Each structure stands twice: as C-alpha cells, then as structure tokens.
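One structure is given here, and the rest of the page talks about it.
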Amino acid sequence: MKIKPPDRIIRISHSDPQGRARIRPRHIYILPTRYGVIFALLLLLLLIGSINYANNLAFFLTFLLAGLGIVATLHTWRNLVDLELTIGNSDPVFAGQPASFTLHLNNSRDGERPSIQLQIDNLPAATTDLAGRSRDSLRLQRNTSKRGVLPLGRVTVSSHYPLGLLRAWSYVEMDATCLVYPKPSTTRPPATMQGYDRSSSGDKGVGVDDFVGIRPYRPGDSPKHIHWKALANERGLQTKQFGGDRADRLWLDWDSMPGVEREDRLSRICRGILDACDREQEFGLNIPGTELNPSRGQNHRHRCLAALANFGETA
Amino acid sequence: MRVQDREPLSRSLLSALIILLVAAAVPHFFHLHLWITLFFLASVALRVASMVRPELLPGKLLLFLLAVAGLVNVTLNYPVLFSGETAIALMTSMVGLKLLEINTRRDLFIVVFIGYFLLATQFLFNQDMWMVGYVILLTAALTGVLLENSRHRPSGNPIKTYWKSLALLLQALPVMLVLFVFFPRLSGPIWSLDSPDISGITGLGDSITMGSISGLVLSPAVAFRVEFSGPKPAPPKRYWRGPILWDTDGRNWTRGKPLTNEPLVMKPNSPVIDYFITLEPSGRRWVMVLDLPKAVPEQAKVLGDFQVIRQKPIYDRIRYQASSWLFYNTGKITPEELKRGLQLPGNITQRMRHLVEEWKSVAANDLDVVNQALRHFRNEEFYYTLRPPLLSSNPVDQFMFESRRGFCEHFATSFTLLMRLAGIPSRVVTGYQGGEYNPLGDHLVVRQSDAHAWSEVWLPEAGWVRVDPTAAVAPERIERSFEFDTGLADGLLGAPIRFGNVHLGMVGNMLKQLRWGVDAVNASWHRWVLGYTEERQSRLMHMLGLDFLQGRRLGLAMVVFAAITVLLLGVAIWYKGRNRIDAVYADYLRFCSKLKHRGITRRDTEGPLDYLKRICRQRPDIKHGATQITQLYIKLRYSHSSGKNDQRSFHSMVRRFRP
C-alpha cells in the first residue's frame, strides 16, 4: 500500500555535503501492508468471537496478537531509525543504458537490520539484510533516455521487518548524480572533417616529432619504433608511427554537419569520439563553448564526452 | 503489490507451515468425528507426498472436487448446521485443503492467520493451563515463520528466530495484560451459534436424564441477579428453587402432572427475607425464588410443591420482588404427594434393596435412614466430577455400585430413588445453588454454571426437608460455588477429586497436600482468568480504587493505559537499539579534538596511521605519546581484542595526553 502525500508536507531527509544522510526518528512513515489489514480483520473476528463466547482465553490470545501487532510497529520503525546512507560512485553511461547508483548503508548499531529496501520511483527495488555493526552497498538502476546530469532523485528507504504486516518508509534526497553521455549515433560523422586538420592523410611514419598512431609491423621498420608495450600485452608486433607537424589530427567539429539537428549532431560527434578511441587516434573537440585540444587516453575521452553531455546545460 | 508476493515459498518455510498447522489442529482431533480427522490427515499426507513428487499436487478442478468431498463429509457427520462443532469440523477440513494450495509467499500469510485462528478455537473446548502453554508456543512458532519470511535472505538459524519471536510475544505481554484487564466485559453473548431458538439456552431443563450427559458445559452466562433488601443468606443457604421432578422411569425424571392441591400453609421458623430478582430470558414458564417462597411475584403462582410458575414463557428480561423463609416446616403431606412421592420405577435391583434394608435395620426412624444414606455417600468412594462416564439402561444401579462418579444430578436422583425405596416420600428439586456477590452493584449474580439439583424428603416431624447429597460428597461444591469455582472440578479433568473419610498414609498425605496445591492454583486460574467476568472486573476496579471506570469509561481507560504502555515500550525499544559510539572510538575522538586545538585537524578521509605520520611531522615533540595512543587504538579497534585492561589504559592515556 503506497500513498503519495503532496511534496510540501512530507518529510524528507537530505544528504549532507559529504554525501551522507541519516534517517531521523520523525522522518519515518509507517502503515500496514495488505497483510496487516487482513491481520486486523482477523483480530476483529477473534474479538467478536471472544465476546460472544465470553471466553477469556480467546480474549487472551486476541489481545496477545494485538499486542504483537503494536510491538511490531515499534520494531519496524526501529529497523529504519538511525540508518546511515552514503553516496557511492556512479560510472557515466550512454543515454539509453541504465544508470546505476551505488549507495552505501551503514548500520552502526549492535543489532541487525534485516530487510532494508531501497527504491526510486517504482523501479525495481534493491534489498539487503544488514547485520549488526556492518556496512553494505546496494545498487539502484535508473533508465536513461537523454544526455545530461541525471540526479538520483528521491530514494525511498523501507522495511517490513519483523512481521511483514507493516511497512515503514522514509524519503531520502541524496545528492548523487550520474553523468549521461549522448547516445552514440549509428551514423558516423563526415569522414573528412572540416576545420583545421592540415592534411587528411598526413605523413605517417615519415616525421619524427609526434606520435600519431600505430600500424602492424612491417619488415624494415626501425626497432626503435616497435610498440613494445603492445607486444608485452600480446597484441602482436606493432610499429609506432610518428609524424611531423602535418600529423593526422582529427578534429570533431560542431560545424562540420550543417543542417543536422542539435542532439543528433551530439550523437554523431559521440560516435566519432568512440571510433577515434577505438583506433587510438588523437582527436580534438570543438563545439560551441568548448574547445578541447587533440589528445588521447581515457581522461581525454571522458572530458570530451562530458562536454557533450553537459552541452547547453550550464553556462 | 510487491514482486516478492509471488515468489515461491522456500521448502523449509513450507515444511514449517505444514507442521505448525497440523500441530494447531491436533487437539481438535479428540472431539471431532474420526472422518473429519481422517480427511484432514489425508490432505496433509497428500501435501507431504507432493513435496517429493510435485506432480501429485492436485490441480484446480481436483481441488474443487476435494472441497466438495470435504463439505459432504462434514454434513454427513454433523447433521446440525450452524453449530459451533460443525463450524470447527468444516474449518479443520478446509485448512487441510488450504495446505494443498500454498505456493507463494502470499499464501504464507493467509496460512499463518488461519493457524492463529485455529489456535483460538482450541479454547472453546479446552481451557486448561497446559493448553495455554501449548497455544503460546505455537503462536510463537507461527510468528517465527512471519519473521523468517520478512527477511530478505533466510537467517539459517531457526532457533534464533524462535527466540526472537518469543521475545516479541514477551514484549506484547504488557499490552495484552492492559487490554485483558480493562476491556469491558459483556454479561451475555451477542449472538449464539449453538442455540438458534431461545429455549436452547443452557441452563435448567424440565427433566433430567441420568447418565446421558458425559460432560456438563459450564456456561458463565448469567441466569439471574438478586438484590437483597436486608441481610443476605449465607452461601450454603442460597438454594434457588426451580422445577420439581416427581415422575421417573428409572432413567428420566420429569415434572409430570402439576399437583392439584394448594401449597400448604407453612410454619415459618425464621424471619422473612425480601429480595428483587432480575431474571434473564429462559424461554420457560418458571421463575426462580429462594427456598422456600412466601410471597411470589405478580403474574405468577405457587404450586403445591412450591414451584413458582408464570402464565407465559419468559422471553424478555424480567424483574420481580419476592420473599422467602430459610427455615420452615411444611407440615402434613397430602395423599397425592404421598402417592407420587413413593412411586418406583421397574428397574429396582436386588442390591439396591439390600442396601436400603441395611440402612433401615440400623435406623430408628426416617431421619436416621436419611443420615445413613448420606453417610454412605460420604464414606464410600464416591467422586464428584463434571465428566462422569456414560451410564447404561439402569443408571442408578450402575452409579451406586459401579461407576460412583457423577455430579449433582446423579447424586440427587439416586438418593431420591433410594429414599422412596425406603418408604420415605421424596422428590427431586432442580434450580441453582450459590451465586457470586458483586460488592459494587451490591447484588448476587447467579450463573448457568450454578445450576444444581437436590432432593426433598418428607419427614413426619419436619415436613418437606431439603437434603443435598452432593454436599455430603463434595461440600466444596456448596461452600465455594459463590466464587464461580464450580469449574474447579473441570480443571482436574480425568483426575476426579476424592472426598471420602479414608485413611491416608504419609505418601497419601503428601499427595493430598500436592492436590491442595494444584487445587489452589486451579482455583486462582478459574477465578482470575477463566472467571474474569463483568462482576469480577468491577470488583477489581473497586479494589484498584477505580470505581468510576465503567462501561464506556472503562473502554477509554483501556485505550489510555494501552497507549501509555506502548509509549513506555517504544522508549525501551528505542533506548536498547540506539546508536552507541563505543567507548574506544569516543576516546579516540577526544584525542583528535585535543590535537585539533593545537592546529592538527584530522581530515575526513585520513586513517589513524596517516594522521599519526602528519602529527609526527608537525610536532616531533609529542611523537611518542601519539604513537602509543594510535597503536593501542588500532589494536583495540581492528584486532577484535576487547581486553578490558587495554581499554582502561587507552582511556587514561588519552586523558593524560597533552599536546
């Protein structure tokens, strides 16, 4: 049974700047589950029967079960109170892939906290049993449809321990975000990028100044240029290519695709970045507001994709 | 609707449910028809078999057919629909079938609830203390199933789960006590499944069939209430006169034709007692009066045998005034009374005659014969029990010489018959004996369980005289009944109390002491638990000085006291489970804060060792102390050694630390 009170009046815990949140006693809501309602009906039935037969032992059992229900309310509440949540890492994803957020749960009490459930919106929930004085991590997944910064949103922390007759829950607003890159387009950006690549073919293997790429080893290549690291990684014998200042530096340029709609353009550039990374090619990014000089490597890739993700979002 | 609801039940939970449900049903087997028990056991067997071979589990159609079969089974064995027994039989059958239908976690809840219900119904048949223990143990086990089910993963430790659910029940106990004590008790049932027509109300009938009842159901329902204008008669004098039985065929005792004579003028030997009676509807014509009536209410008349009847049956609660004499002499006997008071049935046996001849041979007069008979009941091994064995076609003979166990009806009818055999006119009187005094309402409550039967003999000097042979055998019945302890004997099921003047050895004496102990416990059990009625509730309130708590206010008090109890429980539970920073960590935090004042603040991400490095770099002068503290902290914190000495020295080290 879930009710949605208006946001104005509900109590929500917020995470502190360190990304921690603690469930406070007065922030916990509690209501009977469907089974709790059936249990209440059973109690009513037992009570009527007890009154009718004036049977004191039946009264005894009825009241014992009623007491059990009340005690269970306290325990369900206690199962959540003072539980600590901390934001964990969330790796960037491409739009369309599920974003996954990690939340760390910390039980700093000696007693266990079974059946702790985390849920965002109506998405599949994650559940765990926390032992006494222990930590655990749960992953929450959220579907992505568009690029940008995806906030985790309001997490519902709930528990129906000990009897399953009652469900206690609390809303926690965690400052966790996940960066969503644009969805890579199936269309590649134009093969010849406009802009300032000085030669579309370059002078591969001729110059000596800058590393421009690798190619399979050919007899006669200088041993100095053999890519030993690749050999050590069992990727076969490869030769590092060096070029002069006319090296083939790929520029992924916003203006190279006139007439293409904005998001589509970002998608295509995203595809271009992925392709360039696959080829271990050096590339630069030029979109309005951001210009990143040609480089390579995971950090560069992330910086470029993040620029695409945040395009037009922030000043 | 959670996804979990549709998850299949784990095998261990399923087995636990089957075992617990069978255990909850087992006590019913003793009073259910064999066929109902067999049906239930067959369902259980099918369920168990299908755990090994799932293809045996019946489908929807077969299940429906089985349900029909169960229904037919019940109707064949229980012709009376809408009786409590039929309901229990039906429920037991259907519970068996429900076992065949448990598949998911959702079914688990339903089955556990059915289990609770089944346990509650046990109290309709058995109110012994051991049954309460049995029910509590099973309730805890069923609760344990809920506990286990509400975890994400099984705990793998059933014993621990069971203890936990016992602990939950223990915490529920204070709430239960408050509700039990303060829940307003009603004096009568809301509806009665067992008596669709009003004449079926338990209580007095207008006939007695000896030996046909193997168990007297003690109903705490109120028969009538009495307010005395003057002093109350002593408990052993509280005989409430009902129908008088004259005619017998040796087994049945009935009223027969009403006497034609007017009641004889009595010679009262005591002052008149005036009282008001509020009679609950009985569906009968007779009204209750204290023995022996002087003035009777309007719309009623006294018959020749001092039975008071009204024109019409009583279907509404009535209140009337009456007055009685406790001591009296009815004087002469009429020829009709003499004739009817000496009628004998055809089944008088030789040994009955011998017994009476024996009494007569040593007796000087009729009074002596009566005393001989009472002495016989007292000295021979007669037992007073509410669960006597069934008797055959000649119940008096069998009772007098063989079974020798029975309750008031047995004693009264046998005694009357033997008196007639001795040539003393006699009759059986039915009514009520005793009553419970309610000081708050200043009235006496007489319950259906106070129903009684005694005898009246005519003696030339005294007229009709009341003789209660039950009192000779079980004086407790007469002396204690005002405490609603007529159920006393019920508590000693199968072990009838012996009231005879027999010599007991030392072991016998010890056994007697033990029996008195058991008796005392049983008496309290009956008094404070089973017999906790409206009257007793107001008496308790009176004792607690809470006289003003009545009716609606009592309900309000229940809510208030329950709320206070829950609040206290909540505080206790919260206090026990609050986040406690352990002492070692608290000391370490003090160490950090001391350094913070000297400008070396520990960063959030900094471990103790990194912090120590930084401290040593910045303040080489305190290197020694800081290192000692940090090392001991790491030892205490991470090596799981909870040495009390280490903790103490750590504490003093931190205290003495002066950066």
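Observations on the model:
- Here r is the Cβ-Cβ distance between B:S392 and B:K339 and R0 is 25 Å; the resulting FRET efficiency, rounded to 0.05, is 0.30.
- Paramagnetic reach from B:N329 (point 7 Å along Cα→Cβ, amide N under 13 Å) across segment B:266-308: B:266-270
- Label-to-label distance, nm, for residues given as B:L544 and B:L41 (7 Å Cα→Cβ offset): 4.7
- Extent along the principal axes, Cα only, for segment A:12-179: 68, 34, 23 Å, with the longest axis given first.
- When the alpha carbon gyration tensor of chain A is reduced to an equivalent ellipsoid, its three semi-axes come out at 62, 21, 15 angstrom, largest first.
- Principal-axis tilt of helix A:262-278 within chain A, Cα atoms, nearest 10 degrees: 70
- Over segment B:274-354, the reciprocal of the mean inverse Cα-Cα separation, the Kirkwood hydrodynamic radius, stands at 15.2 Å.
- Using θ = phi - 60° and Karplus 6.51 cos²θ - 1.76 cosθ + 1.60, couplings along segment A:295-304 (whole Hz; Gly, Pro as x): 6, 8, x, 4, 5, 5, 4, 5, 4, 5
- The string of couplings for segment A:29-35 from the Karplus curve (6.51, -1.76, 1.60, θ = phi - 60°) is 9, 8, 8, x, 7, 4, 5 Hz, one whole number per residue in order, with x for Gly and Pro.
- Label-point separation in nm, B:Y575 to A:R11, each point 7 Å along Cα→Cβ: 2.2
- Stokes-Einstein, applied to the Kirkwood radius of segment B:3-156 over Cα pairs at a viscosity of 1.567 mPa s and 4 °C, places its translational diffusion at 80 µm² s⁻¹.
- Expected 222 nm ellipticity per residue - DSSP helices of 4 or more, -39500 (n - 2.57), all of chain A, to 500: -8500 deg cm²/dmol
- Rounded to the nearest 0.05, the FRET efficiency derived from the C-beta distance between B:K623 and A:R279 at R0 = 41 Å is 0.15.
- Each of the peptides B:32-40, B:588-596 was scored by the mean count of other Cβ atoms within 10 Å over its residues; in descending order, highest first, they stand as B:32-40, B:588-596.
- Site pair A:E261 and A:V149 shows an inter-label distance of 2.6 nm when each label is modelled 7 Å from Cα along Cα→Cβ.
- Put simply, when B:614-621, B:271-278, A:178-185 are sorted by average Cβ atoms within 10 angstrom per residue, most first, you get A:178-185, B:271-278, B:614-621.
- The lysines whose alpha-carbon is closer than 17 Å to the alpha-carbon of A:K146, local same-chain residues fewer than 8 away aside, are A:K183.
- Counting only DSSP beta bridges whose two residues both lie in segment A:210-309, roughly 75 percent are antiparallel.
- Eligible lysines near B:K360 by straight Cα distance, threshold 24 Å, same-chain separation 8 or greater: B:K332, B:K339
- Legend: calculated FRET efficiency, A:R133 to A:Q97, from the Cβ-Cβ distance at R0 = 51 Å, rounded to 0.05, equals 0.90.
- Between the amide H of B:S282 and those of B:I314, distances stay under 5 Å, these residues lying 5 or more places away or on another chain, with hydrogens modeled in the peptide plane.
- Scaled against the 2.2 N^0.38 Å expected of a compact globular protein of N residues, the Cα radius of gyration of segment B:583-656 reads 1.04.
- Lysines with Cα under 21 Å of B:K576, excluding same-chain neighbours fewer than 8 positions away: B:K160, B:K164
- Whole-Hz Karplus values for segment A:279-294 come out as 7, 6, 9, 7, 9, x, 10, 9, 10, x, x, 9, 9, 10, 5, x Hz, taken residue by residue from phi with 6.51 cos²θ - 1.76 cosθ + 1.60 and θ = phi - 60°; glycine and proline positions read x.
Rule-based calculations on the coordinates, nothing more; no lab input. Values in this document were obtained by computation on a predicted structure and should not be read as measured data. Note: ideal-geometry Cβ built from the backbone for every residue, glycine included; neighbour counts use all protein chains shown.
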